[in-house]
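Data first, discussion second: the structure below is written as structure tokens.
The values are calculated or read from the model by the stated rules, or taken from the named source; none is laboratory data. In this text the structure is predicted, and so the values were computed from the model without any measurement. Neighbour counts are summed over all protein chains in view; Cβ atoms, including those assigned to glycine, are modelled from backbone coordinates with ideal geometry. Accessible surface is based on the protein model in full, side chains and every heavy atom, while ligands, DNA and RNA are left aside. Shrake-Rupley method; radii C 1.70, N 1.55, O 1.52, S 1.80 Å.
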Amino acid sequence: MNKAQETVLEIDLKALKHNFKFLKSKLSGSTKFLAVVKAFAYGSDAIEVAKYLQQLEVDYFAVAYTYEGVALRDAGITTPILVLHPQPVSFDDIITRCLEPSLYSQRVLDLFIASAVTHKQHNYPVHLKFNTGLNRLGFSLEDISKIAETVSKTKAVHITSLFSHLAESEVLDDKAFTVSQIEHFKTIYKQVYAKLDYKPFLHLCNTSGIINYPEAHFDMVRSGIGLNGFGNDPNVNKHLKPIAALKTNISQIHHIKKGESLGYNRAFIAQTDTKTATLPIGHADGIKRQYGNKNGFVTINNQKAYILGNVCMDMIMVDITSIDCNEGDEVIVFDDKYTAEALAENVQSISYELITAISQRVKRVFRR
């Protein structure tokens with residue numbers, strides 16, 4: 001790949017394939033694989049990533065909101081798409097685009113059934129989410145009788161799956177909470193099965209669940225961050241490849257004398273003569289203000305260059321006093337060697353937050 005001459009996000013689809021195959025290798029042959037491509041496929045490009053994964057024959061996609069699923073359908077994605085947090089205002093769009101909603105309360109179940117009836121649907125696929133301890137979204141164990149009563153009165157919907165979400169499957173020091181979630185989910189699906197004349201398929205595991213809890217793979221697993229090359233564990237990361245590389249270049253080099261200031265609010269005052277590089281990337285591109293004032297860094301010619309002063313909307317300035325470099329040289333914000341995870345840790349954040357923040361104005365370049 002040519003050296004970056006502007007700010008670009010390179011997406012390595014070969015690395016995506018590698019991650020998919022690694023995660024699939026942890027499953028039995030009958031276990032389905034759901035690829036989570038919400039938030040522009042974790043900040044990369046949902047359409048291109050989904051098209052590639054569809055070629056690899058993933059069984060399902062998941063998005064957070066309806067408009068994300070609509071965009072995939074409009075781009076030619078035909079694989080089933082689960083909408084994880086649909087809003088009732090979008091139920092008509094869900095049905096017209098053949099998306100599959102996660103229903104998580106009696107209210108949304110009733111409203112979706114009403115929409116399905118209006119659209120004269122028969123056995124429309126829906127997924128029921130249960131709360132097993134994350135306490136974010138989901139039906140409870142006590143809701144099962146009412147759910148069964150509700151669905152028994154209509155032919156408009158069909159419960160395709162039952163699922164829940166693990167809260168700390170990456171935490172290995174204390175597995176008790178995750179084990180309790182798994183057992184709670186087992187109690188739930190057994191009670192649901194007892195009240196239906198069919199058996200919806202089951203899914204519970206996220207990326208860390210795939211690795212750490214093979215006994216809970218059930219009928220399908222879900223992965224988003226793992227496909228992007230992060231396993232929430234250094235030992236797992238060894239087997240994965242980050243798919244995204246954020247690169248930019250040096251626009252201009254400055255020589256700041258001792259006592260001079262740099263940037264907005266004069267947040268940096270040079271204590272010694274300092275050489276700086278100005279880069280065409282800022283908080284409008286996803287580099288948040290928290291990375292400023294030497295909390296974050298980029299890599300130039302294999303050396304760390306810390307961000308000086310406040311992050312600007314379209315630019316950052318970095319310390320290159322001890323780095324041999326020139327205007328126009330390539331700068332790595334993160335890639336498969338200098339990872340987003342390592343950069344995020346500097347500000348007590350996580351890779352998820354950094355990579356999903358990359359603005360859509362940053363040019364995407366695909367490596368195939």
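Could you pull out the residue among Lys186, Lys199, Lys155 that is part of a helix (DSSP H, G or I) and farther than 30 Å from Phe334 by Cβ?
Lys186
I'd like to verify a number: residues in region 236-253 that are more than 20 Å from Ala357 (Cβ to Cβ), touching a residue at least 40 places away in the same chain (Cβ under 8 Å) and among the basic types (Lys, Arg), how many?
Selection size over region 236-253: 1.
At least 3 residues that are in contact with a helix residue (DSSP H, G or I) (Cβ under 7 Å, 6 or more places away or on another chain), modelled with pLDDT of 95 or more and under 27 Å from Ile210 (Cβ atoms) in each: list the strands (runs of 3 or more DSSP E) lying fully within region 1-100 that qualify.
Strands (runs of 3 or more DSSP E) meeting the threshold: 60-63.
Taking interchain pairs and intrachain pairs at least six residues apart, which have beta carbon atoms under 6 angstrom, with the first residue in region 9-25 and within 13 Å of Thr207 (Cα to Cα) and the second β-branched (Val, Ile, Thr) and modelled with pLDDT of 95 or more?
Leu23/Ile210
Inside region 307-334, can you point out the residues that are surrounded by fewer than 17 Cβ atoms within 10 Å (Cβ to Cβ) and closer than 16 Å to Ile358 by Cβ?
Those that are surrounded by fewer than 17 Cβ atoms within 10 Å (Cβ to Cβ) and closer than 16 Å to Ile358 by Cβ: Met313, Asp314.
Give Asn135, Asn123 a once-over and let me know the one that is closer than 18 Å to Asn206 by Cβ and open to solvent by 10 Å² or more (accessible area, probe 1.4 Å).
Asn135
Within region 185-201, work out how many residues are open to solvent by less than 10 Å² (accessible area, probe 1.4 Å) and either closer than 17 Å to Leu82 by Cα or basic (Lys, Arg) (or both).
Going through region 185-201 one residue at a time, the tally reaches 1.
Could you count how many residues in region 298-323 are in contact with a Cys (Cβ under 6 Å, 6 or more places away or on another chain) and either in a loop (DSSP other than H, G, I, E, B) or free of Cβ contacts under 8 Å to residues at least 24 places away in the same chain (or both)?
Of the residues in region 298-323, 1 are in contact with a Cys (Cβ under 6 Å, 6 or more places away or on another chain) and either in a loop (DSSP other than H, G, I, E, B) or free of Cβ contacts under 8 Å to residues at least 24 places away in the same chain (or both).
If a residue has to be buried (at least 22 other Cβ atoms within 10 Å of the Cβ) and charged (D, E, K, R) to count, how many in region 217-264 make the cut?
Number of matching residues: 2.
Please work out if Ala75 is open to solvent by less than 40 Å² (accessible area, probe 1.4 Å), of a type in the set (Gly, Ala, Ser) and under 18 Å from Lys32 (Cα atoms).
no
Give the residue that is surrounded by the most Cβ atoms within 10 Å (Cβ to Cβ), with candidates limited to residues of region 265-282 that are outside any helix (DSSP H, G or I) and of a type in the set (D, E, K, R).
Lys275
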